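The values are calculated or read from the model by the stated rules, or taken from the named source; none is laboratory data. This structure is a prediction, so every number in the text was calculated from the model and none was measured. Heads up, the Cβs are rebuilt from the backbone with ideal geometry, glycines too, and the neighbour counts pull from every protein chain shown.
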Amino acid sequence: MADEEASSPREIHNNPHFAVVCSFFQRYGLILGLPDLSFNQLQVWIEDTRQLNRNFQEILLKLLRRWKSNVSVDRLEKTLIKFCYTYSQVDAWELEEFGFQRCKLSTKLRILKNLVEGQFDFNTKFKEKINDLTATDLRFLPLGRDSTGLAYWFLLDNDFNVRVYREQQDDVDSETWEMVVR
């Protein structure tokens, strides 16, 4: 695996990109026609270094087809590489060298985060549907803040898996991001 990065549950849960992806799927998955996913299922698929789960593959294809309409299963990885070049040559290189399944966990999460956030930019049908939502419906605000200024974010999937994350108020680079409840 790239850099022989150990894939531990703590690692994925303390990566803010995992929370972004989970939140996106919870809020907008139905609009995009994506299956209802639990946080645990998504985690298993992302952490699997042997083979790409067929359902996960379909999700990647759906997200990519809003960027390039002619993506086929056999061209999935090549299209992912092209997509990566739109935001990071390093991620694209790693994907070319190791393949999606053997990329570092942080790279997989960054790819997914960019794919879901890209839906706001290049998915016209999605943009039309979310334009009907109010700013309050679109915005994901923290659950609250404690006396030291730490912000707490709450996520709940349809299987009632709970995640509570915390970060410092002015943490632009998400360096203080950590999961406190699972």
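Going by the structure shown, is Ser72 touching a His at 6+ places or on another chain (Cβ under 8 Å) and at negative phi?
No; evaluated as a whole, the condition is false for this residue.
Can you work out which of the residues in region 8-34 that are in a loop (DSSP other than H, G, I, E, B) and at pLDDT 90 or above is farthest from Val181 (Cα to Cα)?
Gly33
Considering only residues that are surrounded by 14 or more Cβ atoms within 10 Å (Cβ to Cβ), within 21 Å of Gly29 (Cα to Cα) and out of contact with any helix residue (DSSP H, G or I) (no Cβ under 8 Å at 6 or more places or on another chain), which ones fall in region 59-75?
Let us first name the residues in region 59-75 that are surrounded by 14 or more Cβ atoms within 10 Å (Cβ to Cβ), namely 59-67, 71, 75.
Those left that are additionally within 21 Å of Gly29 (Cα to Cα): 59-67, 71.
Ile59, Arg65, listed by residue number.
Could you grab the pairs with beta carbons closer than 8 Å, sequence gap of 6+ or different chains, first residue in region 55-72 and in contact (Cβ under 8 Å) with a residue 60 or more places away in the chain, second one of a type in the set (D, E, K, R)?
From region 55-72, the pairs are Arg66/Lys125.
So, in region 11-43, of the ones that are without any contact (Cβ under 8 Å) to a residue 40 or more places away in the chain and out of contact with any Pro (no Cβ under 8 Å at 6 or more places or on another chain), which residue ends up farthest from Arg163 (Cα to Cα)?
Filtering region 11-43 for residues without any contact (Cβ under 8 Å) to a residue 40 or more places away in the chain gives 29-30, 33-35, 41-43.
Then drop every residue that is not out of contact with any Pro (no Cβ under 8 Å at 6 or more places or on another chain), which leaves 30, 33-35, 41-42.
Numbers: Leu30: 20, Gly33: 24, Leu34: 21, Pro35: 20, Gln41: 14, Leu42: 14 Å.
Here the residue is Gly33.
Check region 124-134 and report whether any residue there is of a type in the set (Phe, Trp, Tyr), within 19 Å of the chain's Cα centre (by Cα), at pLDDT 85 or above and surrounded by 12 or more Cβ atoms within 10 Å (Cβ to Cβ).
yes
Filter region 110-165 down to the residues that are touching a strand residue (DSSP E or B) at 6+ places or on another chain (Cβ under 7 Å), touching a residue at least 12 places away in the same chain (Cβ under 8 Å) and among the small types (Gly, Ala, Ser) and list them by number.
Across region 110-165, the qualifying residue is only Ala151.
Take Gln101 and tell me if it is more than 25 Å from Ser38 (Cα to Cα) and surrounded by 14 or more Cβ atoms within 10 Å (Cβ to Cβ).
Against the criterion (more than 25 Å from Ser38 (Cα to Cα) and surrounded by 14 or more Cβ atoms within 10 Å (Cβ to Cβ)), Gln101 does not qualify.
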